[in-house]
Structure formats: C-alpha cells, structure tokens
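S.K.: Take this structure, written in structure tokens, and hold onto it; I'll ask about it next.
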Amino acid sequence: MKTRLLFSTLMTVITAITGVNAVADQSAPKANPNTFVHLFEWRWEDIAAECRDHLPGLGYDAIQVSPAIEHIDHPSWWARYQPVDFSKFESFSGGEEALRSMIETCHAAGIKVYADAVINHTADYGEQGVGTAGTPWEIMQHPGLDESHYHHPICTIEDYSNADEVQNCRLGALPDLNTSDSYVRELLAAYLRKLSELGFDGMRIDAAKHMSAADVAAILELAGGPNVFLEVIGDPSAETALQPSTYAAIAPVTDFATRGAIYSAINGDLSDLASYWRGESDLSADMAVTFVDNHDTERHTQPLSIAQKQLGEALLLTLGYGYPKVLSGYQFENRDALPSQAQVSCEQGWTCWHRDPIVSQFVQLRRAAGGAQPEQLEYLDDQVLAFSYGPGRVLVNVSNETKSVSWDPQLSGSEYCDLLAGHGSVVELGWWGDVDISLPPHGLVLLREDAVCSAP
C-alpha cells in the first residue's frame, strides 16, 4: 500500500520551494481549455486538407490563417501585411472561392477559422505596383482611399514608448490610416464584416497598439462586434495608452510577457513562470493569447532545438493561463523569404509543429484538464519540476544536462504509460509509488491516470 503526503505537509513543501499556493483561486477567470494553431503561409487547399485529414484527432479547436486580403505582389511573407484593396480576397494562399471552400471544410471537421486582419496601414513597398488581384496602387492611393484618409503631417515612429508617435506616425514606412476618421472607420468595418460573411469565426487584429484603443473599439462596434484578439507588443516603459492591459478592456491580447517567461524556463530559470502559478500575471487568464513563438519572433531569435521547442510548448500548454497558439510555418534561411515550395509538405520544408506527437499530447491534456492550473508543484532538483495537470502527471528537466531523480507521481496504480516515449513504454512504480528516472536535457515525462499503453 502506498503512502500519501498529508495535504498540509504538501502545501508547506510547495510553498517553501516555489512560493506557489497549491489551492487555485476558484473565483478567478479561467483560461481557455482549448488550443489553436497558426498555419502560417499555408494555401487554402492545403488548410482544407489539414482540417479534413489531421486536425480533428490532434485536439485543436481552431486555426489562424495568413491575411486573405489583396496585398502587394512581392516574394516575401511580409507582403501579406501590405494591403492594396480592402474589398478583394486574392492572396498568396488563393482566391475567394477557395477561401470559402476551406472554411466550410474546416467547419465540417469541427475546426474554427480565425482571420489575420490588417487595418492600421496600407502598402508602401516600391511606392507603386499591382496587387495580387491585379489592382494598381500607389502610396496613399488605393480603392476608396486617398491622401486625405491618412495621418498628417507624415512622421515615422522613433520613440515606441510615446503613444502619440506610435498611434499617429508610420510603422516603418507604412502609410498610417487615420482610424479616427469616420469614413476610414466604416471602410475598415466593412472589411471586417466581409470576413465574418466569408465564414471566419474570429480575427487577429494586426498592429492594434498602433491605433488608439478608442479607435479599435469604434471600428469593432461598426463591424458588429466580431470575436477578435489584438496584437499588442507590451513595453513596460511605454505610456499607459500603449499597455496590453489598456487593450484588454476591449478584447484578449497577445501576451509577449508569457513568451519571455517560457524562454527563461527553457534556459533553466523557472522563477518567471512561478509568478503565473501564484496568479500574479499582468492579464487575467481569459484575456491573454499565449505562444512560444509567432511568425515575427521566430525570425528574430535564435532557433530552438526540437527538445527545447517541445519543452516550451509543454510548459505553455500546462500553465493554466491564456488561450495558447502553436505556430506551424516553414523552414527558412532568409527571414524575409516565402516557403521554398508552395504546396505544404510536413516531410519537406514545413515545420508542422502542431502534428508533433509530444506537442499534441499536451494539447489533448490541456483540453482534458479544462484549462486548469497545475497543482502539486515540486522541485525534485533545482531544475527538475514535477506537477499534476488534470489527469496528467508531468516531469520536466529545464537544464542542459541529464538529470536522475526519484519521482512519486501520486498515482494509485503500479504501471503507467509514458505517453511521450513511444508505443508500449511502461513506467513501473515501486512499492512506495515512486520511480527512478533519468531525464535527458530538456526532457519530459507525461503519465496519465486514464491512459493505456498501446501495442507497438
């Protein structure tokens, strides 16, 4: 028969080691139990096939796609973020008919679809050209728009802590739309209404902090109040008007602070994550969209190893905070480049992280746990953490070294399947319920009380 730590003793151990109270605040807003995947630069037909053939079995509830609007025709991913005509839907991913068909296919598979909506600015690259739907354009000259619809005098952001500059000057050289103008607001709202009419279930609003919170709220109201989340890159030194908490009064926001905590953990320091376990995040759990990397950050940071990436996603998905997003893009050497081949192939050139079996196991665990917070957190070593998450028992090594530990996963049986180690991998617990485990650098173990090992 196994022994169990008395609850009061366990509380003392956890609080002393991590500073985390083991009892969750039942009145606090709850995290979204689901996870969505960003299929970055995927074609509509490939997304439809993914919804039909793969996503339903992986545990995700939604996908985010690249901007569908007509944009400049230039061989770079950021061309998508330079709109030409807000009324046309012909992009690198395909045309409007294929877009509608993809959304219908994903809905039939039980998968929601989120758009990426660019409403802060219009195109600038080359100063003139022809868009992906054949529309000619020049700087500040687009269908339905002329120079009077932009901020004047023209300026470029130099101080990103200054709200007036950030919201009224150009981001780089991108012409900054005057989103306080009633005509501009209605034109942009019509674009968002069209996205809803196409069947999108929600939208990411690109560069949201480059518009005032009042402007964003007014445009969304004109658009009929669609389900959105806002891209807001936090900067503690910036004015209050630019803070994520200001925009979270409107809709959930992208939480870059959580990404920083995850990266610290990947590099061996769990102290920043401990603040989330204590419920000390800047945003409430239901107003944050979280991620290990997005399409911008992965192009400006040192690439993670496979083990580091899996560790980061596991920590994010068991944090009990926010609505997590997994990025599935493509491999690149030039950070501006488009995919080397248009057709998606998870075996060649495309990362397909959402299909990774370890990542998918944690996506499914999060759903089973209902987005709850982790419990029974305990350090078994200065860089080895054990905790319970819903029906799962998780062990993580955040160090660059192999760690050997003795672990009591607090389970009543004697044999369990390590869901991360392949088919038929059985962990046998000793008489006292513990097991000696050797964890590789950035290694993970996941046991589930409801899991049965499948045959090899």
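The values are calculated or read from the model by the stated rules, or taken from the named source; none is laboratory data. Please read these numbers as outputs of a predicted model, since none were measured by experiment. Glycine gets a Cβ as well: all are built from the backbone with ideal geometry, and neighbour counts include every protein chain shown.
S.K.: Do you know which residues across segment 108-129 are among the aliphatic types (A, V, I, L, M) and either part of a strand (DSSP E or B) or farther than 27 Å from Pro143 by Cα (or both)? Step through it out loud before you land on a result.
M.R.: Filtering segment 108-129 down to residues among the aliphatic types (A, V, I, L, M) leaves 108-109, 111, 113, 115, 117-119, 123.
Result: Ala108, Ala109, Ile111, Val113, Ala115, Ala117.
S.K.: Kindly indicate the residue of segment 271-280 that is surrounded by fewer than 20 Cβ atoms within 10 Å (Cβ to Cβ) and touching a residue at least 24 places away in the same chain (Cβ under 8 Å) and also farthest from Ala372 (Cα to Cα) among those meeting that condition.
M.R.: Ala274
S.K.: Further question: Looking at segment 237-246, can you tell me whether even one residue there is touching a Phe, Trp or Tyr at 6+ places or on another chain (Cβ under 8 Å), β-branched (Val, Ile, Thr) and either at pLDDT 95 or above or under 24 Å from Gln82 (Cβ atoms) (or both)?
M.R.: No - not one qualifying residue is present in segment 237-246.
S.K.: Here are Ile262, Ile219: which of them is within 28 Å of Phe387 (Cβ to Cβ) and either in the same structural domain as Glu96 (by TED's automatic domain parsing) or surrounded by 21 or more Cβ atoms within 10 Å (Cβ to Cβ) (or both)?
M.R.: Ile262
S.K.: Sticking with this one: Which one is farthest from Leu311 (Cα to Cα), of the residues in segment 428-448 that are under 32 Å from the mean Cα position of the chain (by Cα) and either among the β-branched types (Val, Ile, Thr) or modelled with pLDDT under 85 (or both)?
M.R.: Filtering first and then ranking leaves Ile437.
S.K.: For segment 401-442, give me the residue count where each residue is within 19 Å of Leu365 (Cα to Cα), outside any strand (DSSP E or B) and aliphatic (A, V, I, L, M).
M.R.: 4
S.K.: Conditions first: (1) under 25 Å from Val228 (Cβ atoms); (2) not in a loop (DSSP other than H, G, I, E, B). Ser180 passes all but one, so which condition is the exception?
M.R.: Answer for Ser180: the failing condition is (2).
S.K.: Assuming Glu104 fulfils every condition listed in (1) in a helix (DSSP H, G or I); (2) surrounded by 19 or more Cβ atoms within 10 Å (Cβ to Cβ) apart from one, which condition is it?
M.R.: So the condition that Glu104 fails would be (2).
S.K.: Here's something else I'd like to know. Only one of Glu231, Glu239 is in contact with a helix residue (DSSP H, G or I) (Cβ under 6 Å, 6 or more places away or on another chain) and in contact (Cβ under 8 Å) with a residue 60 or more places away in the chain; which? Break it down into steps so the answer makes sense when it comes.
M.R.: On the way: Glu231 fails: in contact (Cβ under 8 Å) with a residue 60 or more places away in the chain.
Only one candidate passes the filter, namely Glu239.
S.K.: Just name the residue that is surrounded by the most Cβ atoms within 10 Å (Cβ to Cβ) out of those in segment 190-216 that are among the hydrophobic types (A, V, I, L, M, F, W, C) and farther than 17 Å from Asp116 by Cβ.
M.R.: Of everything passing the filter in segment 190-216, Ala213 is surrounded by the most Cβ atoms within 10 Å (Cβ to Cβ).
S.K.: Is it the case that some residue within segment 227-247 is assigned to a helix (DSSP H, G or I), closer than 30 Å to Glu90 by Cβ, touching a Lys or Arg at 6+ places or on another chain (Cβ under 6 Å) and of a type in the set (Val, Ile, Thr)? Please lay out each step first, then the result.
M.R.: Let us first name the residues in segment 227-247 that are assigned to a helix (DSSP H, G or I), namely 240-242, 244-247.
Going one step further and asking which of them are closer than 30 Å to Glu90 by Cβ, we end up with none.
No, there is no match, as no residue in segment 227-247 is assigned to a helix (DSSP H, G or I), closer than 30 Å to Glu90 by Cβ, touching a Lys or Arg at 6+ places or on another chain (Cβ under 6 Å) and of a type in the set (Val, Ile, Thr).
S.K.: For segment 63-84, give me each residue that is in contact (Cβ under 8 Å) with a residue 60 or more places away in the chain and surrounded by fewer than 21 Cβ atoms within 10 Å (Cβ to Cβ).
M.R.: Correct list: Pro75, Ser76, Trp78.
S.K.: For segment 27-82, enumerate the residues that are within 17 Å of Glu96 (Cα to Cα), in contact with a Ser or Thr (Cβ under 6 Å, 6 or more places away or on another chain) and assigned to a helix (DSSP H, G or I).
M.R.: Correct list: Trp44, Ala48, Arg80.
S.K.: Just to verify a result, which residue in segment 166-185, among those that are surrounded by 15 or more Cβ atoms within 10 Å (Cβ to Cβ) and free of Cβ contacts under 8 Å to residues at least 40 places away in the same chain, is farthest from Val216 (Cα to Cα)?
M.R.: Here the answer is Cys169.
Results for (1) modelled with pLDDT of 95 or more; (2) within 24 Å of Leu429 (Cα to Cα), shown as yes or no for each residue.
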site	(1), (2)
Asp336	yes, no
Asp381	no, yes
Ala386	yes, yes
Asn397	yes, yes
Cys417	no, yes
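S.K.: Here's another thing I want to ask about it. Restricting to segment 85-136, name every residue that is hydrophobic (A, V, I, L, M, F, W, C) and either outside the structural domain of Glu45 (by TED's automatic domain parsing) or free of Cβ contacts under 8 Å to residues at least 60 places away in the same chain (or both).
M.R.: Once the filter is applied, which keeps residues that are hydrophobic (A, V, I, L, M, F, W, C) and either outside the structural domain of Glu45 (by TED's automatic domain parsing) or free of Cβ contacts under 8 Å to residues at least 60 places away in the same chain (or both), segment 85-136 yields Ala98, Met102, Cys106, Ala108, Ala109, Ala123, Val130.
S.K.: Here's a follow-up. Does segment 333-347 contain any residue that is surrounded by 19 or more Cβ atoms within 10 Å (Cβ to Cβ), of a type outside the set (A, V, I, L, M) and under 20 Å from Ser66 (Cα atoms)?
M.R.: Scanning segment 333-347, I find at least one residue that is surrounded by 19 or more Cβ atoms within 10 Å (Cβ to Cβ), of a type outside the set (A, V, I, L, M) and under 20 Å from Ser66 (Cα atoms), so the answer is yes.
S.K.: Hey, another quick one. For residues that are surrounded by fewer than 22 Cβ atoms within 10 Å (Cβ to Cβ) and of a type in the set (A, V, I, L, M), scanning just segment 351-368, find the one that is nearest to Gly268 (Cα to Cα).
M.R.: Out of the qualifying residues, it is Ile358.
Quick grid of which residues meet (1) part of a strand (DSSP E or B); (2) closer than 14 Å to Asn120 by Cβ:
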site	(1), (2)
Ala133	no, no
Trp137	yes, no
Pro153	no, no
Tyr160	no, no
Asp164	no, no
Gln167	no, yes
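S.K.: What is the number of the single condition among (1) under 32 Å from the mean Cα position of the chain (by Cα); (2) hydroxyl-bearing (Ser, Thr, Tyr); (3) closer than 17 Å to Pro67 by Cβ that Tyr160 does not meet?
M.R.: Result: Tyr160 passes all but (3).
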